[in-house]
Amino acid sequence: LFDPENYKALVESLPDGKLTYGLLTRAFVLINSTRSRIKIVDTLTNFLRTAIACDPPSLLPAVWLTTNDIGPPHEQTELGIGGSVISKALIKVGGLDQKGLRTLYNKYGDAGDAAFEAKVRQRTLQLRKPVPLTVKDVYSSLVKISQSKGTGSQEVKQRIVERLLVQSRGEEVRYLARTLVQHLRIGAVKTTMLIALSRAFLMTHPPDASDPAPNPPSTLSKVPKETKTEIFAAAEEIVKACFARCPNYNEIVPGLLTVGLAGLKDVCKLTVHTPLKPMLGSITRDLPEMLGRLGSREFTTEYKYDGQRAQIHCDEKGKVSIFSRHLENMTEKYPDLVALIPSIRGPNVTTFIMEGEVVAINSDTGDLKTFQTLASRGRKDVTIGTVQVNVCMFAFDLMQLNGEELLAKPFRERRKLLREEFVEVEKRFTWVKSLDATADDQDAVIEFFKGSLKEKCEGVMVKLLDNEIPEGDSGTLDADVTNLDTLVEEVQKKPSAKGKATKGKEIKKGGKRKPLLATYEPDKRLESWLKVKKDYDASTDTLDVIPIAGWHGMGRKSKWWSPILLAVRNPDTGSLEAVCKCMSGFTDTFYQEMKEKYSEDGENTTRTKKSYIEAPELHPNVWFEPQEVWEIVFADITLSPNYTSAIGLVSEERGLSLRFPRFLRKREDKSIEEASTSEDLAAMYRKQMSSEKPVGDAGDDG
Ligand code: ATP
């Protein structure tokens, strides 16, 4: 049914032209059953095309259900249903008791699988055939759940959940329950969604009065396969760039439905009070590597403060919003910062979007405090009078000023405006400490790096100041795309649209330098922003992994979990892939805490492996509820016959594992969705191989 060549069969399968929840779950099942990224993208694309062609108002709900959200993170739309609501509903609908449900949950380790099983057992008792659920109905029910607040809201939520579960059938039950516990476990999220959306809109357009047939535009079916791939890449680039500026499907999807790919960038612009995705820094091992990578270009070296990244938005009326690195709204957390804004806003400033690091500070001495001190600050109901931990904002970038988007300006210009248009307030608002330099200033840069560590910073960020575009490079591809035909033309004119994907990365070919841009590139990790951290000074790479299971320790460690099984994330499949066992770097106190947190038969452990964990042939004594991220160091990465992490990325038969992994620290600032991915691991492996470090076989990795 989801064959890319035959999406019309999908269209015809819809009763009354309404997008059913059943069809969405069929897509989920297919996506879950494959590791092939091509198949995942195809399935999702076809599903979205069906929505565009038959039931455009259901497209947005379908996108939210697939990404397992009900709104963008900054709108803080949470379902707000505890496990007990779902359990109660399952007990009622599935005709179970508490014990029966617990047994099912223990058996499957997954709310969806338990719900599915419970409902299957119940099937014979169901007399009337329920009305099929539609995508719109499920989504609007979730919105209702999230909006229901105050007295009686629990009962309202309970009733909605029960109704949904009663109405759902077969696989719908499984995915509904997973949606309700906010763990859908399909890989078709984030980047895949953007790719599928871009393709779906290239291949289908919503019906309108003048052209009611939403067939694939003829232009696309005529072009050769290679050109088609490049057209896909170009469309993808447009959607991704728009989403990075305006990461909200509530804007992107209606934009696509009304103006299509061509006009999207005019609708999805930087907007005050809507956070954009932040630009990210690339890791370097140490200062010499950093200096080598930047060559003779002029750069600035800035302290890398150890606090929390903050994006501050301010409109003409002086209303302020503050967003975290992950686009959550933190305005309530920092009333002191909000109150500070009128004082820092220079006389010429009306609106702005600025970025910086908020750091805990001793407001008498001006000494910086650790991230842990900042983390101890309350998050909710903070008032200026109750602030216990004072903070200072160290500004480092300016993305919008007085309504003008500054992203395309080189950093030198953005920084100038940031410094000139804002006013310092002692120990509360200032600019990051910086040193402009070139590779010739090595000694000064080393001194500056040492200075950063003395002031409790994590190291330095190194940023390119000016654009470096070789002659003949015409800039971005999407500049003049007005419709599909011009997009095809543009692609055909370009020597290779694929080259665009490497824009901004310095790849040396025949000794020639590739362009390096000092523009602000939302959601990208480019070579124009490098970070040098003290941890990396010891010339070791680190990974952020998730502890997923433990074995009973031996001898002295028999009371604790040792070794502990660690995993990386596979964003394509939604699974966690075991990568190594770790038994070094832990203190006894840490072991003790781990044993208490993940106690046997406690709420954070299960006896059975969850189906989204990939750990073939491994039989730990308990499986942990994945919930934390650890930074680890290791000797090197090896191809492994036992572990399947990153399988298919560097070898078809073997996965990757780590030799001599050692625990460094907990990443309190990272959620498991931000742990390292199998692709990160594969990239490190490729880098290791290209630097020809000796590699051994995966042996006992403990
Ligand atoms: P890390 O492991 O370094 O925390 P990360 O994934 O959180 O990585 P990166 O983009 O790799 O984020 O590192 C940049 C982070 O450093 C920013 O998110 C910001 O919070 C912090 N930071 C501190 N000082 C600066 C600065 N001068 N310029 C940019 N970022 C800074």
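The values are calculated or read from the model by the stated rules, or taken from the named source; none is laboratory data. Note that this is a predicted model, so its numbers are computed, not measured. When we count neighbours, we look across all protein chains shown, and the Cβ atoms used for this are built from the backbone with ideal geometry, even at glycine.
Quick look at the numbers
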read-out: Selected residue [part of a strand (DSSP E or B), over 30 Å from the mean Cα position of the chain (by Cα) and surrounded by 13 or more Cβ atoms within 10 Å (Cβ to Cβ)] from 551, 623; value: 551
read-out: Test: residue in segment 404-413 that is surrounded by fewer than 20 Cβ atoms within 10 Å (Cβ to Cβ), modelled with pLDDT of 95 or more, in a helix (DSSP H, G or I) and more than 29 Å from the chain's Cα centre (by Cα); value: yes
read-out: Matching residues, segment 640-695, being within 16 Å of the ligand (Cβ to nearest atom) and either part of a helix (DSSP H, G or I) or β-branched (Val, Ile, Thr) (or both); value: 672, 673, 674, 677, 679, 680, 681, 683, 684
read-out: Residue among 355, 298 that alone is among the charged types (D, E, K, R) and over 15 Å from residue 422 (Cα atoms); value: 298
read-out: Qualifying positions in segment 334-381 - among the small types (Gly, Ala, Ser) and touching a residue at least 40 places away in the same chain (Cβ under 8 Å); value: 339, 343, 346, 356, 360, 363, 366, 375, 378
read-out: Residue match in segment 334-341 (condition: within 16 Å of the ligand (Cβ to nearest atom), more than 27 Å from residue 266 (Cα to Cα) and part of a helix (DSSP H, G or I)); value: yes
read-out: Residue satisfying all of: in segment 423-446; buried (at least 16 other Cβ atoms within 10 Å of the Cβ) and over 27 Å from residue 347 (Cα atoms); farthest from the chain's Cα centre (by Cα) among these; value: 441
read-out: Long-range neighbours under 6 Å by Cβ, at least six apart or interchain, first residue closer than 14 Å to residue 139 by Cβ within segment 166-187, second of a type in the set (Val, Ile, Thr); value: 172/25; 175/25; 180/86
read-out: Condition met for residue 136 (touching a helix residue (DSSP H, G or I) at 6+ places or on another chain (Cβ under 8 Å) and of a type in the set (Lys, Arg)); value: yes
read-out: Single residue of 366, 378 found to be more than 26 Å from residue 452 (Cα to Cα) and in a loop (DSSP other than H, G, I, E, B); value: 378
read-out: Checking residue 317 against (1) in a loop (DSSP other than H, G, I, E, B); (2) within 16 Å of the ligand (Cβ to nearest atom); (3) farther than 15 Å from residue 356 by Cβ, the condition it does not meet; value: (2)
read-out: Residues satisfying the stated conditions in segment 350-372, i.e. within 16 Å of the ligand (Cβ to nearest atom) and surrounded by 20 or more Cβ atoms within 10 Å (Cβ to Cβ); value: 353, 354, 355, 356, 357, 358, 359, 360, 361, 368
read-out: Residue in segment 680-694 that is touching a helix residue (DSSP H, G or I) at 6+ places or on another chain (Cβ under 7 Å), at pLDDT 90 or above and surrounded by 19 or more Cβ atoms within 10 Å (Cβ to Cβ) present; value: no
read-out: Selection within segment 195-230 - of a type in the set (A, V, I, L, M) and modelled with pLDDT under 70; value: 209, 213, 220
read-out: Number of the exception - residue 334 against (1) in contact with an Asp or Glu (Cβ under 7 Å, 6 or more places away or on another chain); (2) among the hydroxyl-bearing types (Ser, Thr, Tyr); (3) at pLDDT 95 or above; value: (1)
read-out: Search result, residues across segment 63-90 that are of a type outside the set (Ser, Thr, Tyr), under 16 Å from residue 176 (Cβ atoms) and assigned to a helix (DSSP H, G or I); value: 64, 65, 83, 85, 86, 88, 89, 90
read-out: Residue within segment 528-546 that is in contact with a Pro (Cβ under 8 Å, 6 or more places away or on another chain), more than 16 Å from the ligand (Cβ to nearest atom) and either assigned to a strand (DSSP E or B) or within 30 Å of residue 32 (Cα to Cα) (or both) present; value: no
read-out: Residue that is farthest from the chain's Cα centre (by Cα) [pool: residues in segment 320-331 that are in a loop (DSSP other than H, G, I, E, B) and in contact (Cβ under 8 Å) with a residue 60 or more places away in the chain]; value: 328
read-out: Residue count, segment 264-286 (criterion: more than 16 Å from the ligand (Cβ to nearest atom) and in contact with a helix residue (DSSP H, G or I) (Cβ under 6 Å, 6 or more places away or on another chain)); value: 5
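One line per residue, one yes/no per condition, for (1) assigned to a loop (DSSP other than H, G, I, E, B); (2) within 16 Å of the ligand (Cβ to nearest atom):
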| site | (1), (2) |
| --- | --- |
| 417 | no, no |
| 420 | no, no |
| 453 | no, yes |
| 456 | yes, yes |
| 463 | no, yes |
